[in-house]
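Colleague: Got a structure for you, questions after.
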Amino acid sequence: MSVKAKKHLGQHFLTDENIAKKIADALVGKNYNHVLEIGPGMGVLTKYLLQKKPKVTVMELDRESVAYLHDTFPIEHLKLDTSSEKMNIIEGDFLKKDLSTIFKQEQVAIIGNFPYNISTQIVFKAIENRQYVPEFAGMFQKEVAKRIAEKEGSKVYGILSVLTQAFFDVEYLFTVPPTVFNPPPKVDSGVIRLTRKKDFSLPVDEKLFFRVVKTAFNQRRKMLRGSLKSFNLSDALKEDPFFTKRPEQLSVQEFIELTAKIAENQQ
């Protein structure tokens, strides 16, 4: 039995066992014993996660893949000398699930070969639930993976870079060619690892921080005193050196400082 990749779900099944093992090995933390895999497909990555002996939950939207996983993994559990009780299969959409009902206050690492069309939304949901997520690793379209990992000064540094790096340390691990997928995508993929920072709260209002970052990059060619004018900046603040820069010039820490200045200006 095999599963046919479905274009509307953005499915590209990984066929290279060595790369699957390398992705599984990307999770290195010791502060959790539960891993959530998103979009396991036919389980090429899943079996390497099970070898590591954590509790594994897989979440899959495709009913055909869910049936395949139920049929296949009791056999795999015997081969890998693990208990079938250590794997839980959930049929559903990660983006629509209330993760608190899955995590139940546990620390849970997230991993996956993510569909390109929803990969950034998956990252944002992980950020929203970061109190439960000490580590996050997976495969993205290379362009998106680079954007998440990029530092200030780059043309691809943007909203996704800043909001992710505010809470996680990001490492770009390796590039994956299209030839190891069925069907092959038209672009390269990239694998990254996010490790939650020890202090993953912000010293400024989080909603204001998100709003400042998104507003600044929505007009990234403008200096900040122009792109952020909707915040009713005072004349004095417009002359602050921060506001004569463009958003891609600011580090994550500088965006935090910028948010603090705007909050003070609004008082």
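Every number in this text was worked out from the coordinates using simple rules, so none of it is lab data. Computed from a predicted model, the values in this text were never measured in an experiment. Don't worry about glycine lacking a Cβ; one is built from the backbone with ideal geometry, like all the others, and counts go over all protein chains shown.
Colleague: Scan the stretch 125-200 for chymotrypsin sites (Phe, Trp or Tyr not before Pro) in coil per DSSP, keeping those whose Cβ has at most 14 other Cβ atoms within 10 Å, and list them by number. Kindly include the intermediate steps, with their values, before the conclusion.
Modeller: Working: sites: Tyr132, Phe136, Phe140, Tyr157, Phe167, Phe168, Tyr172, Phe174, Phe181, Phe200; in loops: Tyr132, Tyr157, Phe167, Phe200.
Answer in residue order: Phe200.
Colleague: In deg cm²/dmol, rounded to 500, what helix-only [θ] at 222 nm does the chain give when every DSSP H run of at least 4 residues adds -39500 (n - 2.57) and the total is split over its residues? Let's see the in-between values first.
Modeller: Details: 11 runs with 98 residues, N = 267.
-10500 deg cm²/dmol, from helical runs alone.
Colleague: Please report the base-10 log of the normalised intensity I(q)/I(0) for the chain, using a Debye sum with one equal scatterer per alpha carbon and no solvent, at each q in 0.11, 0.13, 0.15 (1/Å).
Modeller: Once normalised to I(0) and log-transformed, intensities are -0.65, -0.85, -1.05.
Colleague: Count charges around Leu194 for me, please; just the other residues with Cβ under 12 Å from its Cβ, Lys/Arg as +1, Asp/Glu as -1.
Modeller: Working: positive: Arg130, Arg193, Arg196, Lys197; negative: Glu135, Asp169, Glu171.
With Lys, Arg at +1 and Asp, Glu at -1, the neighbours total +1.
Colleague: Further, regarding this structure: Over 29 Å between C-alpha atoms is what I'm after, so list which of Lys146/Lys198; Lys104/Lys261; Lys22/Lys198; Lys97/Lys261 land there.
Modeller: Values: Lys146/Lys198 23 Å; Lys104/Lys261 37 Å; Lys22/Lys198 25 Å; Lys97/Lys261 36 Å.
From the list (Lys146/Lys198; Lys104/Lys261; Lys22/Lys198; Lys97/Lys261), the Cα-Cα distance tops 29 Å for Lys104/Lys261; Lys97/Lys261.
Colleague: Eigenvalues of the Cα gyration tensor times 5, then square-rooted: what semi-axes does that give for the stretch 206-266, in whole angstrom, largest first?
Modeller: Working: eigenvalues 40, 36, 24 Å².
Square roots of five times the eigenvalues give 14, 13, 11 Å.
Colleague: Here is a further query. How many percent of DSSP beta bridges within the chain run antiparallel, rounded to 5? Write down the numbers at each step before the final one.
Modeller: Numbers: 17 of 36 bridges.
Around 45 percent antiparallel, to the nearest 5.
Colleague: Work out how much length Ala236 to Asn33 would gain on full extension: take 0.36 nm times their residue separation and subtract the Cα-Cα distance, in nm to one decimal.
Modeller: Numbers: separation 203, 0.36 × 203 = 73.08 nm, distance 5.18 nm.
Between Ala236 and Asn33, full extension yields an extra 67.9 nm.
Colleague: Enumerate the whole-percent occupancy of each 5 Å bin, from 0 to the last occupied one, for all C-alpha pair distances of the stretch 116-195.
Modeller: 3, 15, 27, 26, 16, 9, 4, 0
Colleague: Follow-up question, since we're still on this one. Which order do the peptides 35-42, 91-98 come out in when sorted by mean C-beta neighbours inside 10 angstrom, highest first? Could the numbers behind the result be given before it?
Modeller: Details: 35-42: 24.2, 91-98: 12.6.
The most tightly packed comes first, giving 35-42, 91-98.
Colleague: What aspartates and glutamates sit close enough to Lys214 to cross-link, taking a C-alpha to C-alpha distance under 14 Å and skipping anything fewer than 8 places away on the same chain?
Modeller: Candidates past the 8-residue exclusion: Glu206, Glu248.
Colleague: Separate question: Quote the FRET efficiency, to the nearest 0.05, computed for Lys198 versus Phe174 with a Förster distance R0 of 25 Å and r equal to the Cβ-Cβ distance.
Modeller: Working: r = 26 Å, r/R0 = 1.04.
The calculated FRET efficiency here is 0.45.
Colleague: Using Cα-Cα distances under 8 Å and only pairs 6 or more residues apart, what relative contact order does the stretch 206-266 have, in percent?
Modeller: Details: 49 pairs, mean separation 24.4, N = 61.
Over the stretch 206-266, the number comes to 40 percent.
Colleague: Can you classify the stretch 140-267 as rounded, prolate or oblate using the Cα gyration tensor, where a ≥ b ≥ c are the square roots of its eigenvalues, rounded means a/c under 1.5, and otherwise it's prolate if a/b beats b/c and oblate if not? If you can, show how the numbers build up before the last one.
Modeller: On the way: a/c = 3.16, a/b = 2.03, b/c = 1.56.
Prolate shape, in that a/c is at least 1.5 and a/b is the bigger ratio.
Colleague: So, one more: Quick one: helix 252-266 against the long Cα principal axis of the chain, what's the angle to the nearest 10°, folded into 0 to 90?
Modeller: 50 degrees
Colleague: Please arrange Glu152, Glu264, Glu17 by how many other C-beta atoms lie within 10 Å of their C-beta, fewest to most. It would help to have the intermediate numbers written out before the result.
Modeller: Values: Glu152 18, Glu264 10, Glu17 13.
Fewest-to-most ranking of Glu152, Glu264, Glu17: Glu264, Glu17, Glu152.
Colleague: What percent does the relative contact order of the chain come to when contacts are Cα pairs within less than 8 Å and at least six residues apart? Numbers along the way, then the final one.
Modeller: Numbers: 443 pairs, mean separation 44.9, N = 267.
The value is 17 percent.
Colleague: Looking at Asn31, Val170, Ala145, which one has the Cα that reaches farthest to the positive end of the dipole of the chain (charges on Cβ: Lys, Arg +1; Asp, Glu -1)?
Modeller: So the residue furthest toward the plus end is Ala145.
Colleague: With Cβ to Cβ distances under 11 Å as the rule, what net charge do the other residues near Phe217 carry (K, R +1; D, E -1)? Before the final figure, lay out the partial values.
Modeller: Working: positive: Lys214, Arg220, Arg221, Lys222, Arg246; negative: Glu248.
The answer is +4.
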